[in-house]
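The structure appears below as structure tokens.
Read the figures in this text as sums done on the coordinates, not as results from a lab. Since the structure is predicted, the reported quantities are computational estimates derived from the model, not experimental observations. With ideal geometry, Cβ positions are generated from the backbone for all residues, glycine too; neighbour counts draw on all protein chains shown.
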Amino acid sequence: MITGKSSKKPQNGKIEDRAYELVKPFIEENGYKLWDVCFEKEGAMWYLRILFDKEGGMDSDECEEISRPLNELIDKQDFIGNIDMLEIGTPGLSKKLRKPEHFKACTGERIRATVRDEKGKEVSVFGTLEAYDEEKNEITLVSEGETTVLHIPDCVKVNSDL
């Protein structure tokens, strides 16, 4: 879906929060789990991404079945003018971890954190997510007996790594 651009600067957090509260009950009523709602700019375009899943995964028919009513629901909102692209789908195998509930849900799973080294080069750190400390905003990864603690704001990105 593509809409006309608004001259106003979108309020990212408010649009994310409103869309999250709007779609969560609908998604859960249909037997799925809402993974994330992201409103972010890529290039000149503003994307609203609604990502959901279910235990055991989903097929394309299931995804299409829930996408249509979600699209209609979002199209009726007053913030629709701030959205250039609406993407509705699953988070995929390599889920982006960005919220406390994501880290909690992936504890015990293999993840990949991308950080910058001393020279500014991006480096991937792999390991099993052993612990998440919400207060310190840190994750503990274990790989081959070696423990690495990373401060989440220092990470370029963190994804599950199946």
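Quick look at the values:
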{"read-out": "Relative contact order, percent, the chain [alpha-carbon distance under 8 Å, six or more residues apart]", "value": "20 percent"}
{"read-out": "Prolate/oblate/rounded call for the stretch 30-114, Cα gyration tensor, a/c under 1.5 rounded", "value": "oblate"}
{"read-out": "Choice from ARG98, ARG49, ARG68 showing the highest fluctuation, given a GNM over the chain with Cα pairs closer than 10 Å", "value": "ARG68"}
{"read-out": "Mean residue ellipticity (222 nm) of the chain, computed from DSSP H runs ≥ 4 via -39,500 (n - 2.57), nearest 500", "value": "-8000 deg cm²/dmol"}
{"read-out": "Estimated FRET transfer efficiency (GLU28, GLU130; beta-carbon r; R0 30 Å; 0.05)", "value": "0.55"}
{"read-out": "Förster radius 22 Å - calculated FRET efficiency between LYS14 and ARG116, Cβ distance, rounded to 0.05", "value": "0.15"}
{"read-out": "Entries of LYS41/LYS95; LYS76/LYS104; LYS24/LYS136; LYS14/LYS119; LYS99/LYS119; LYS54/LYS121 with Cα pairs more than 30 Å apart", "value": "LYS76/LYS104; LYS14/LYS119; LYS54/LYS121"}
{"read-out": "Packing-based ranking, highest mean first, of 151-162, 82-93 given that Cβ atoms within 10 Å are counted", "value": "82-93, 151-162"}
{"read-out": "Per-pair calculated FRET efficiency, R0 = 22 Å: VAL142 and GLU42 via Cβ, rounded to 0.05", "value": "0.10"}
{"read-out": "Peptides ranked, highest mean first, by Cβ atoms within 10 Å: ranges 52-58, 143-149", "value": "52-58, 143-149"}
{"read-out": "In degrees, nearest ten, helix 12-29 long axis to first principal axis of the chain (Cα)", "value": "80 degrees"}
